[in-house]
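Undergrad: One structure coming up, written as structure tokens, with questions to follow.
The values are calculated or read from the model by the stated rules, or taken from the named source; none is laboratory data. Predicted model, so just to flag it, every value in this text is computed and none were measured. Methodologically, a virtual Cβ is constructed for each residue, glycine included, from the backbone with ideal geometry; neighbour enumeration extends over all protein chains shown.
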Amino acid sequence: MRAIYNELNNKDGKMDNLFVASRELFLGGKARFGPALVQAAWVHYTAPDTAAGLSNRADHLWAGLTYDVTPRFHAQSAIYTMKVGKGNWTSDHDGEGRGTMLALGGMYDLSKRTFLYANVAHVWNSANANFSVRPTAPGYGDPITGNSTTTLPGHGQTGAFAGIMHNF
């Protein structure tokens with residue numbers, strides 16, 4: 001079990017944007033049942049200094065399952081949902097909406113510290129929501145390419161990731 005409380009202020013000391021400058025409460029846990037690892041969490045965001053008419057709260061829930069098919073190969077699945085409270089959309093604030101993502105993947109251990117991974121995910125958005133497989137804060141674009149990875153409002157998105165990771 002884990003609980004985390006976090007506050008992030010903007011340069012003016014305010015909490016005025018849910019996913020940029022806000023309060024965050026995380027409650028989560030995990031449990032192992034033989035070869036299966038089950039995880040779940042709830043994150044509540046509030047931004048009390050948000051301008052009137054914009055969303056100032058959101059809830060993110062997720063659950064995941066990792067199943068050890070062999071000692072080296074692990075199948076993974078997860079479902080995530082984000083619900084943003086009432087409020088308008090602007091170029092730098094998410095407005096009211098819901099996005100749900102399903103992800104499936106696998107991981108293969110090359111050693112204790114190095115593994116290969118691959119996953120595919122799809123996001124379904126409500127009429128106004130534009131959440132993506134690779135999220136970025138509204139108005140900031142993709143941190144790697146500088147381009148936006150968000151979808152059009154009400155549209156879904158499918159993405160895949162693959163790579164190798166080494167833990168130092």
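Undergrad: With segment 2-90 as the region, which strands (runs of 3 or more DSSP E) entirely inside it contain at least 2 residues that are surrounded by 13 or more Cβ atoms within 10 Å (Cβ to Cβ)?
TA: Qualifying strands (runs of 3 or more DSSP E): 23-33, 36-46, 57-68, 73-84.
Undergrad: If we keep just the residues of segment 32-79 that are without any contact (Cβ under 8 Å) to a residue 40 or more places away in the chain and touching a Gly at 6+ places or on another chain (Cβ under 6 Å), which is nearest to V123 (Cα to Cα)?
TA: A78
Undergrad: Restricting the search to segment 91-104, which residues are surrounded by fewer than 16 Cβ atoms within 10 Å (Cβ to Cβ) and in contact with a Pro (Cβ under 9 Å, 6 or more places away or on another chain)?
TA: S91, D92
Undergrad: Can you spot a residue in segment 145-156 that is at pLDDT 85 or above, on the phi > 0 side of the Ramachandran plot and surrounded by 10 or more Cβ atoms within 10 Å (Cβ to Cβ)?
TA: The answer is yes, given that some residue of segment 145-156 is at pLDDT 85 or above, on the phi > 0 side of the Ramachandran plot and surrounded by 10 or more Cβ atoms within 10 Å (Cβ to Cβ).
Undergrad: Here is a list of conditions, (1) at pLDDT below 95; (2) among the hydroxyl-bearing types (S, T, Y); (3) under 24 Å from V43 (Cβ atoms), and T100 meets all of them except one; can you say which number that is?
TA: Just one mismatch for T100, condition (1).
Undergrad: Moving on to the next point. Would you mind stating whether D109 is modelled with pLDDT under 90 and either closer than 28 Å to T66 by Cα or out of contact with any Cys (no Cβ under 8 Å at 6 or more places or on another chain) (or both)?
TA: Considered against the rule, which asks whether it is modelled with pLDDT under 90 and either closer than 28 Å to T66 by Cα or out of contact with any Cys (no Cβ under 8 Å at 6 or more places or on another chain) (or both), D109 comes out as no.
Undergrad: For residues in segment 56-87 being more than 11 Å from M101 (Cα to Cα) and of a type in the set (V, I, T), which is farthest from the chain's Cα centre (by Cα)?
TA: Going through the qualifying residues, I end up with T70.
Undergrad: Moving on to the next point. Return the only residue of S91, S132, S126 being among the polar types (S, T, N, Q) and under 14 Å from A58 (Cβ atoms).
TA: S126
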